[in-house]
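Written out below as structure tokens is the structure these notes cover.
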Amino acid sequence: MTDVPATHPRYASLRTRDAIVAGVEKGVTSIHGLVAHGRGEAFDYLLGERTRDFALDAIDAAAAMLVAAARPAVSVNGNAAALVPGELVALAAAVAAPLEVNIFHASKERERAIRTHMRAHGAPDVLMPTAHAVLEHIDSNRRFVNPDGIHAADVVFVPLEDGDRCLALVQSGKHVITVDLNPMSRTARTATVTIVDNVTRALPLLLERVIDRRDDIDAARRLLDGYDNERVLRAAERAVREG
Ligand code: PTJ
């Protein structure tokens, strides 16, 4: 781990880099995950590396959607597992959702490493992809899902990925919540709720909102009726372009 003094102006960003590098070293994160992370960093830089109002609106809608869901599921890939493992475990527990490993860059070994890593962060159970349940409308490795998790879910939380599965999930009639620093990505544009923020900042806030909202499902449904993801994306894109 890099010896970064806490006073360094880029402290948070450098520690997050360390977490991704550690993920690669542990066999949890794909080497491609480093490239994806760099792209995220560039967008985060333009957004001022802080959670903006449009992200807070989306976080609130995501919390409402998760608490109002009949069968939510939380998908975990190599980058999310490296950056926010404990937060994903806590979120899944807060909404009684299964955690399911689902990765793009196919590797049985890495799937197992992610499961071990999530267990080490407190996950009681982690679902794995199977050949018995396959998503339609998609050809990549992400089509292999678990019959008790993503396959059966009405709402799927898919932080940080590229767009092929997000579209397939939406085409399968599911609601998708994503976290993506790029408001112009296919995932951002296709998801039902798009949180344009760093997953490291968004997850703790999302967990707080879920805990606040979970006792009032009617209020959560009312909020969702008025939620406009297009407006959130427009505001996020404006913020990126204005730098
Ligand atoms: O573990 P795997 O095999 O499933 O692979 C995971 C990655 C992320 C490598 C894979 O899904 C991929 O290649 O994704 P993309 O197409 O690079 O898209 C990743 C998106 O996440 C980009 O739009 C980035 O801007 C965004 N992103 C990167 N880091 C963060 C982020 N969004 C939020 N928080 C971040 N820390």
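Read the figures in this text as sums done on the coordinates, not as results from a lab. Values in this document were obtained by computation on a predicted structure and should not be read as measured data. Methodologically, a virtual Cβ is constructed for each residue, glycine included, from the backbone with ideal geometry; neighbour enumeration extends over all protein chains shown.
Please give the number of the condition ALA55 fails out of (1) more than 28 Å from ARG238 (Cβ to Cβ); (2) more than 9 Å from the ligand (Cβ to nearest atom).
(1)
When you look at GLY40, is it surrounded by fewer than 17 Cβ atoms within 10 Å (Cβ to Cβ), within 16 Å of the ligand (Cβ to nearest atom) and under 25 Å from GLY243 (Cα atoms), yes or no?
Criteria not met by GLY40.
List pairs: first in the range 155-180 and at positive phi, second within 14 Å of the ligand (Cβ to nearest atom) and β-branched (Val, Ile, Thr), Cβ under 9 Å, 6+ apart or cross-chain?
Correct list of pairs: LEU160/THR178; LEU160/VAL179; LEU160/THR187; LEU160/VAL199.
Could you tell me which numbered condition ARG17 fails, if it satisfies all but one of (1) outside any loop (DSSP other than H, G, I, E, B); (2) touching a residue at least 60 places away in the same chain (Cβ under 8 Å); (3) more than 20 Å from GLY163 (Cβ to Cβ)?
It fails just one condition, (2).
A quick yes/no check of all residues on (1) more than 15 Å from the ligand (Cβ to nearest atom); (2) in a strand (DSSP E or B); (3) surrounded by 20 or more Cβ atoms within 10 Å (Cβ to Cβ):
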| residue | (1), (2), (3) |
| --- | --- |
| HIS105 | no, no, no |
| GLU161 | no, no, yes |
| ARG165 | no, no, yes |
| ALA168 | no, no, yes |
| MET184 | no, no, no |
| VAL210 | yes, no, yes |
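Write out, first by first residue and then by second, each pair whose Cβ atoms fall under 6 Å of each other, whose residues are 6+ apart or on separate chains, and whose first residue, in the range 27-46, is within 18 Å of ALA12 (Cα to Cα) while the second is part of a loop (DSSP other than H, G, I, E, B) and of a type in the set (S, T, N, Q).
Correct list of pairs: PHE43/ASN182; ASP44/ASN198.
Scan the range 225-243 residue by residue and report those that are within 17 Å of THR190 (Cα to Cα) and either in contact with a Phe, Trp or Tyr (Cβ under 7 Å, 6 or more places away or on another chain) or in a helix (DSSP H, G or I) (or both).
Hits for the range 225-243 are ASN229, GLU230, ARG231, VAL232, LEU233, ARG234, ALA235, ALA236, GLU237.
Quickly run through the range 38-73 and pick out the residues that are outside any helix (DSSP H, G or I), among the hydrophobic types (A, V, I, L, M, F, W, C) and over 15 Å from the mean Cα position of the chain (by Cα).
LEU47, ALA69, ALA70
State the number of residues belonging to the range 186-206 that are within 19 Å of ALA64 (Cα to Cα), surrounded by 20 or more Cβ atoms within 10 Å (Cβ to Cβ) and not hydroxyl-bearing (Ser, Thr, Tyr).
11
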